[in-house]
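Peer 1: I have a structure here, written as structure tokens, and I will follow up with some questions on it.
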Amino acid sequence: MAVQAPCIQLNDGNTIPIVALGTGRGTAKESDSIDEVRQAVYWAIEAGYRHIDTAAVYQDEEQVGQGIAEAIANGLVTREELFVTTKLWNDKHARDQVVPALQESLKKLGLDYIDLYLIHFPIATKPDDSPDNIDYLETWQGMQDARQLGLARSIGVSNFNATQITRLVSNSYIRPVINQIEVNPTNTQEPLVAHCQSLGIAVMAYSPFGFVVSRGQTGAPPPRSDDPTLTALANKYRKSVGQILLRYLIDRGLIPIPKSTNKQRIAQNIDLFDFQLTFEEVAAINQFNKNHRVIDISDWKDYPNYPN
Ligand code: NDP
């Protein structure tokens, strides 16, 4: 049975469903075909998801668009009922590159507007990934242009640290609605989440399963899926460990972005609204924190605006 996630209001008055399907292919296996993204998007809409997260750099916007188009054609949903997020890549940070980059994404998605457009990283690069010296305040002017043209209903950022968020808010006339960052048990990000929330900026949580799912990294800190704290909660609420981790994020006021291309797990990852964790249970999961990231961005550590 389809389960719908509730919506919350963003600081610009638009509303956003609090669970998004992730389509980034960082966890894809070599055997996975890109076409599975189209299928996953369709299954997700069928299961009740109304929010899909993609990005220009994932190179899957066409497949996301095809999954959406099929769902609309089959009468599962209307465009207006969907909330689609995509992101501007680092090599398109000059103000006059932003609108054309979004138009290119929209063309691939087969959409005439995006619900949420994010600056993917505060770092600017040249197309060969060498550093470029473009201030994200300039990029934000391009994002504001996109919103004024009606191409993006809401605009926000991703991977910005607290200093960068403050500087952006102090120097722009449209406040970002979202900061999309990594949050999971080994990287709980409590100070950054609190900072964003204090400014009315909602937080989307990527890589929500942390190292509970295999990332092919050796020596990553616990928890794993057999961790007693997590399995006790799963038994108590008759949910999977994955569902406990997603509920943990929701109970912190975050918007998780679980990625799955498996039909059963896609359905499971939105079946989160018949239980909630106590304050103490959320605090117990916070105890795993080691400020240890799943997504390693240290190759850019010497670039201007690296988000320490
Ligand atoms: P996730 O934490 O969503 O983990 C995905 C992995 O978990 C896959 O291997 C998936 O396998 C597995 N999985 C899914 N559901 C379950 C479940 N219920 N139980 C156990 N395992 C499960 O990681 P991602 O790093 O992919 O992040 C999610 C999304 O966030 C991305 O797809 C992307 O949209 C976004 N993102 C944004 C970034 C940014 O810089 N803004 C950076 C990274 C990600 P299977 O598919 O087989 O179910």
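All of the numbers you see were taken from the coordinates with simple rules; none came from a lab. Quick caveat, the model's predicted, so the values are computed rather than measured. Note that we place each Cβ from the backbone using ideal geometry, even for glycine, and neighbour counts take in every protein chain shown.
Peer 1: Could you point to the residue in Ile68, Phe211, Asn90 farthest towards the positive end of the chain's charge dipole, with +1 and -1 charges on the Cβ of Lys/Arg and Asp/Glu respectively?
Peer 2: Phe211
Peer 1: Only bridges whose two residues both fall in the chain count here: according to DSSP, what percent of them are antiparallel, nearest 5?
Peer 2: Taking every DSSP beta bridge with both residues in the chain, the antiparallel ones total about 15 percent.
Peer 1: Taking H placed 1.01 Å from N in the peptide plane, check which residues at least 5 places from Asp132 or on another chain put their amide H under 5 Å from its amide H.
Peer 2: HN-HN under 5 Å from Asp132: Ala124, Thr125, Lys126.
Peer 1: Arrange the following residues from fewest to most other Cβ atoms within 10 Å of their Cβ: Tyr248, Tyr136, Tyr113.
Peer 2: Sorted ascending by nearby Cβ count, the order is Tyr113, Tyr136, Tyr248.
Peer 1: So how much slack lies between Asp274 and Tyr237, counting 0.36 nm per residue of separation and subtracting their Cα-Cα distance, in nm?
Peer 2: The Asp274-Tyr237 span can extend by a further 12.4 nm.
Peer 1: Hey, which lysines would be in cross-link range of Lys239, C-alpha to C-alpha under 23 Å, not counting anything within fewer than 8 residues on its own chain?
Peer 2: List returned: Lys259, Lys263.
Peer 1: Let me ask another. Apply the Kirkwood formula to segment 76-211: the hydrodynamic radius equals the inverse of the mean of 1/r over all pairs of different alpha-carbon atoms; give it in Å with one decimal.
Peer 2: Answer for segment 76-211: a Kirkwood hydrodynamic radius of 15.4 Å.
Peer 1: Please enumerate, by chain and number, the lysines with C-alpha under 20 Å from the C-alpha of Lys290, excluding those fewer than 8 residues away in the same chain.
Peer 2: Cα-Cα hits under 20 Å: Lys301.
Peer 1: Give the lysines reachable from Lys107 as a straight Cα distance under 20 Å; neighbours fewer than 8 places away on the same chain don't count.
Peer 2: List returned: Lys87, Lys92.
Peer 1: Treating only the Cα positions of the chain as identical point scatterers, give the base-10 log of I(q)/I(0) from the Debye formula at each q in 0.15 Å⁻¹.
Peer 2: Here the Debye-derived log intensity ratios amount to -1.26.
Peer 1: Moving on to the next point. Relative contact order for segment 116-267: what is it in percent, counting Cα pairs under 8 Å that are at least 6 residues apart?
Peer 2: Computed value for segment 116-267: 17 percent relative contact order.
Peer 1: Just subtract the alpha-carbon distance of Arg215 and Asp12 from 0.36 nm times their residue separation and send over the number in nm, one decimal.
Peer 2: Additional length available on full extension: 69.5 nm.
Peer 1: Give the relative contact order (percent, whole number) for the chain; include only Cα pairs under 8 Å separated by 6+ residues.
Peer 2: Relative contact order here is 19 percent.
Peer 1: A follow-up question, please. Could you compute the net charge surrounding Glu62? Neighbours are other residues with a C-beta less than 11 Å from the C-beta of Glu62; K and R count +1, D and E count -1.
Peer 2: Counting the neighbours of Glu62, the net charge comes to 0.
Peer 1: Give the relative contact order (percent, whole number) for segment 132-215; include only Cα pairs under 8 Å separated by 6+ residues.
Peer 2: For segment 132-215, the relative contact order is 26 percent.
Peer 1: Calculate the FRET efficiency for Gln197 and Glu138 from the Cβ-Cβ distance with a Förster distance of 35 Å, rounded to the nearest 0.05.
Peer 2: Using R0 = 35 Å, I get an efficiency of 0.85.
Peer 1: Continuing with this model, one more query. With charges set only on the Cβ (+1 for Lys and Arg, -1 for Asp and Glu), what does the dipole of the chain come to about its Cα centre, in debye to the nearest 20?
Peer 2: Dipole magnitude for the chain comes out near 580 debye.
Peer 1: Can you work out the Karplus-derived ³J(HN,Hα) for every residue in segment 235-247? Use 6.51 cos²θ - 1.76 cosθ + 1.60 with θ = phi - 60°, whole Hz, and x for glycine or proline.
Peer 2: Karplus-based 3J(HN,Hα) across segment 235-247 equals 5, 4, 9, 6, 10, 7, 4, x, 5, 4, 5, 5, 5 Hz.
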